[in-house]
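One structure is given here, and the rest of the page talks about it.
The values are calculated or read from the model by the stated rules, or taken from the named source; none is laboratory data. Not measured: the values here are computed from a predicted model. Methodologically, a virtual Cβ is constructed for each residue, glycine included, from the backbone with ideal geometry; neighbour enumeration extends over all protein chains shown.
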Amino acid sequence: MRAMVLDQPKQPLQLRDVPKPKPDRGQLLVRVSTCAVCRTDLHIVDAELPDPKLPLILGHQIVGRVEEIGEGIKAQFKVGDRVGIPWLGWTDGECAYCRSGRENLCDNARFTGYTIDGGYAEFTIADARYCFHLPERYDDVEVAPLLCAGLIGYRSYRKTGDARRLGIYGFGNAARLIAQIALYEGRELFVFTRTGDKATQQAAKELGAVWAGGSDEMPPERLDAAIIFASVGALVPAALRALAEGGIVVCGGIHMSDIPSFPYADLWEERVITSVANLTRRDGDEFFEIAPRVPVRTQTETFPLEEANTALDRFRAGKLKRTAVLVVNAVANQ
Ligand SMILES: [Zn+2]
Ligand SMILES: [Zn+2]
């Protein structure tokens, strides 16, 4: 099968013919239809995340059809079913985290397109227990970005509790998806972009934000919560300063530059800083239930599998206006 393979970080992916994998017990062989590109893919290629499997097939926002079913899988999936494969690929089910509903923190978790091969290929293998059925209203291209930007964004959003005034720093893929749910749920949205990025601020207002400005500005009202999707550590103290008492700053990314020091007074009065790691299957079930009701809409730009490097380069350079989705096999609508 054709695959785009990462031999070493900081090198372009190589188009290669590799053996088609075989499903073990509990696994599905999936014919990949589409795979959305995530900023995490860039962090892996750019050596900003430690110890990827090498050589590696990237990609953890995979949409495909079940081609073959390993032993031991009951009625959950049948051949031909459409499935979504997310970042969380496997957990041990036994550690203290798994047993307390926090499988996202599992000691032995494995991650799609990072520590196990992902979806920048014609076929991939996935543990059936971590795959999702996808809402029918979306086609294979538009649903792909929901599998990480949507899902992990949703987990970040849920960490903000019932915050009425919600700030979002960095208005990229995840932010745009989560903003739609926040507005649907009646939150007031305050969007922070790079200083002077009037076009993005305008886009945020068009979507329904009550205020949009630069990340160096203070919002007109104190926020109950802020989610930081940009990987810029300096935004943490900036967001803290924008919070009301008891507010929370949620860092939604897997990688962030160092956080500068700040006065304790900015944290005082029970303000909280937290991060979000990975996802649980429950996050996925909840998200795929609410997303089609909103409905959350994605904006995508497609690339053929062979042009994965172009998609990554354009992402790195900030030249993507929409979420890049690799189209691997011809897309049949649902
Ligand atoms: Zn575990
Ligand atoms: Zn991701």
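Quick notes on this structure:
- Only one entry in 59, 64, 70 is closer than 18 Å to residue 147 by Cβ and touching a Leu at 6+ places or on another chain (Cβ under 8 Å), namely 59.
- Region 86-102: number of residues that are under 26 Å from residue 34 (Cα atoms) and more than 15 Å from ligand 2 (Cβ to nearest atom): 2
- Residues satisfying the stated conditions in region 150-176, i.e. crowded, with 22+ Cβ neighbours inside 10 Å, touching a strand residue (DSSP E or B) at 6+ places or on another chain (Cβ under 6 Å) and among the basic types (Lys, Arg): 165
- Within region 55-101, the set of residues being among the acidic types (Asp, Glu), within 16 Å of ligand 1 (Cβ to nearest atom) and either more than 21 Å from residue 113 (Cβ to Cβ) or more than 24 Å from the chain's Cα centre (by Cα) (or both) comprises just one member, 94.
Yes or no, residue by residue, for (1) among the hydroxyl-bearing types (Ser, Thr, Tyr); (2) within 16 Å of ligand 1 (Cβ to nearest atom); (3) modelled with pLDDT of 95 or more; (4) not in a loop (DSSP other than H, G, I, E, B):
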site	(1), (2), (3), (4)
145	no, no, yes, yes
153	no, no, no, yes
174	no, no, no, yes
179	no, no, yes, yes
186	no, no, yes, no
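- Only one of 89, 84, 101, 64 that is under 26 Å from residue 10 (Cβ atoms), in contact (Cβ under 8 Å) with a residue 24 or more places away in the chain and not in a helix (DSSP H, G or I): 89
Results for (1) closer than 19 Å to residue 304 by Cα; (2) of a type outside the set (Phe, Trp, Tyr); (3) crowded, with 19+ Cβ neighbours inside 10 Å, shown as yes or no for each residue.
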| residue | (1), (2), (3) |
| --- | --- |
| 32 | yes, yes, yes |
| 39 | yes, yes, yes |
| 43 | no, yes, no |
| 47 | no, yes, no |
| 50 | no, yes, no |
| 58 | yes, yes, yes |
| 66 | no, yes, yes |
| 74 | no, yes, no |
| 78 | no, yes, no |
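For (1) in a loop (DSSP other than H, G, I, E, B); (2) assigned by TED's automatic domain parsing to the domain that holds residue 38; (3) surrounded by 13 or more Cβ atoms within 10 Å (Cβ to Cβ), each residue gets a yes or a no:
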position: 287; (1), (2), (3): no, yes, yes
position: 292; (1), (2), (3): yes, yes, yes
position: 303; (1), (2), (3): no, yes, yes
position: 307; (1), (2), (3): no, yes, yes
position: 313; (1), (2), (3): no, yes, yes
position: 318; (1), (2), (3): yes, yes, no
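- Of the set (1) aliphatic (A, V, I, L, M); (2) within 16 Å of ligand 1 (Cβ to nearest atom); (3) closer than 21 Å to residue 252 by Cβ, all apply to residue 42 but (2).
- Taken over region 246-280, the criterion of being outside any loop (DSSP other than H, G, I, E, B) and in contact with a helix residue (DSSP H, G or I) (Cβ under 6 Å, 6 or more places away or on another chain) is satisfied by 249, 250, 266.
- Comparison of 244, 226, 265 shows that the only residue that is outside the structural domain of residue 40 (by TED's automatic domain parsing), among the hydrophobic types (A, V, I, L, M, F, W, C) and surrounded by fewer than 14 Cβ atoms within 10 Å (Cβ to Cβ) is 265.
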